[in-house]
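Visitor: Got a structure for you, questions after.
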Amino acid sequence: MKRPHVICHMMSSVDGKILSSNWRDEEIYDTFAGYFEKYHDTFTSQAWMCGRITMERDFTGGVQPEPQAPPQPIAREPYIGNKAATSFAIAVDAQGKLGWDTNETGGDHIIEVLTEQVSDEYLYYLQQKQISYLFAGKTEVDFALVLEQLAALFPIETLMLEGGGHLNGSLLNAGLIDELSLLVLPLADGTPKSPTTFEVSEYLTKGPTTRLYLSQVQQLDNDVVWLKYRFDH
């Protein structure tokens, strides 16, 4: 299967917690806020991927979708909203809940990853916004199918996976991650039941524990450690 090279890029506390809103300290936020994007930009990639909750919280500005009745039924096949786009923001939105003002965020063209259960009204809404979409399965997301379509339909060779724990865990469980870039912040969170870097949903059968191979360790300023690992498949 031809698919993009997948680099999971994350930032966590020393105990693996990734929800920065739990840190509740303005000085901590000001100290570490720019690290994630700064080191994201050290990679050459054409796309980044997040889940619906992250997209809704950080990128849509709270916009609600405005579904419209299409003039005719819409086939469940991929739609490309901007054939000239060269950089992409990929939103995993299985049920079609995200709203958008335009067809890009931060200069990156939006691709919605959907399942076939979404309504024609939502698909027509995306078409009216010229937002690209593809289908990952009938009711559940098949990430191997997603990556195969991303490589076939768009000029995406390297993808930055920057999701919540469940999105990362789903690709980990499917053996679809090639590298891990992890910024470990000098913070001990301790929040119970808070999201971690990788989580496998109770709806999935967890595969065997994944062995990683260290490729780089770098101490950054403010006591941050940058770890890079490779996966052998």
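The values are calculated or read from the model by the stated rules, or taken from the named source; none is laboratory data. Fair warning: this is a prediction, and the values are worked out from it, not measured in the lab. Every residue, glycine as well, gets a Cβ built from its backbone with ideal geometry; the counts of neighbours run over all protein chains shown. Just the protein is used for accessible areas: all its heavy atoms, side chains included, with ligands, DNA and RNA removed. Shrake-Rupley method; radii C 1.70, N 1.55, O 1.52, S 1.80 Å.
Visitor: Only one of these conditions is not met by Glu140: (1) surrounded by 15 or more Cβ atoms within 10 Å (Cβ to Cβ); (2) not hydroxyl-bearing (Ser, Thr, Tyr); (3) not in a helix (DSSP H, G or I). Which number is it?
Guide: Glu140 satisfies all of (1) surrounded by 15 or more Cβ atoms within 10 Å (Cβ to Cβ); (2) not hydroxyl-bearing (Ser, Thr, Tyr); (3) not in a helix (DSSP H, G or I) except (1).
Visitor: Can you pull out every residue in the range 105-122 that is open to solvent by 10 Å² or more (accessible area, probe 1.4 Å), closer than 16 Å to Arg76 by Cα and either in contact with a helix residue (DSSP H, G or I) (Cβ under 9 Å, 6 or more places away or on another chain) or touching a residue at least 40 places away in the same chain (Cβ under 8 Å) (or both)? Walk me through how you get there before you give the answer.
Guide: Of all residues in the range 105-122, those open to solvent by 10 Å² or more (accessible area, probe 1.4 Å) come to 105-108, 116-117, 119-121.
Applying the additional criterion that residues be closer than 16 Å to Arg76 by Cα yields 116-117, 119-121.
Residues satisfying the conditions are Glu116, Ser119, Asp120, Glu121.
Visitor: Continuing with this model, one more query. Run down Leu187, Leu145 and say which single residue is of a type in the set (A, V, I, L, M, F, W, C), open to solvent by 20 Å² or more (accessible area, probe 1.4 Å) and assigned to a helix (DSSP H, G or I).
Guide: Numbers: Leu187 fails: assigned to a helix (DSSP H, G or I).
Within the list Leu187, Leu145, the selection yields Leu145.
Visitor: With respect to Leu227, determine if the residue is of a type outside the set (Gly, Ala, Ser), open to solvent by less than 30 Å² (accessible area, probe 1.4 Å) and closer than 27 Å to Asp41 by Cβ.
Guide: no
Visitor: Out of curiosity, is Gly62 at pLDDT below 95, on the phi > 0 side of the Ramachandran plot and either surrounded by 17 or more Cβ atoms within 10 Å (Cβ to Cβ) or more than 17 Å from the chain's Cα centre (by Cα) (or both)?
Guide: Yes: the conditions hold for Gly62.
Visitor: Is it fair to say Leu161 is surrounded by fewer than 21 Cβ atoms within 10 Å (Cβ to Cβ) and under 14 Å from Ile90 (Cα atoms)?
Guide: Spelling it out, it is not the case that Leu161 is surrounded by fewer than 21 Cβ atoms within 10 Å (Cβ to Cβ) and under 14 Å from Ile90 (Cα atoms).
Visitor: Restricting attention to the range 150-203, report how many residues are of a type outside the set (A, V, I, L, M, F, W, C) and under 27 Å from Ser87 (Cα atoms).
Guide: Number of matching residues: 17.
Visitor: Still on this structure, please answer the following. Could you please tell me which pairs satisfy a Cβ distance under 7 Å, a separation of 6+ or placement on different chains, a first residue in the range 179-190 that is more than 12 Å from His40 (Cα to Cα), and a second residue that is assigned to a loop (DSSP other than H, G, I, E, B) and among the acidic types (Asp, Glu)?
Guide: Here the result reads Ala188/Asp15; Asp189/Asp15; Gly190/Asp15, each pair linking the range 179-190 to a residue that is assigned to a loop (DSSP other than H, G, I, E, B) and among the acidic types (Asp, Glu).
Visitor: Assuming Tyr125 fulfils every condition listed in (1) open to solvent by less than 50 Å² (accessible area, probe 1.4 Å); (2) touching a His at 6+ places or on another chain (Cβ under 7 Å) apart from one, which condition is it?
Guide: So Tyr125 meets the others, but not (2).
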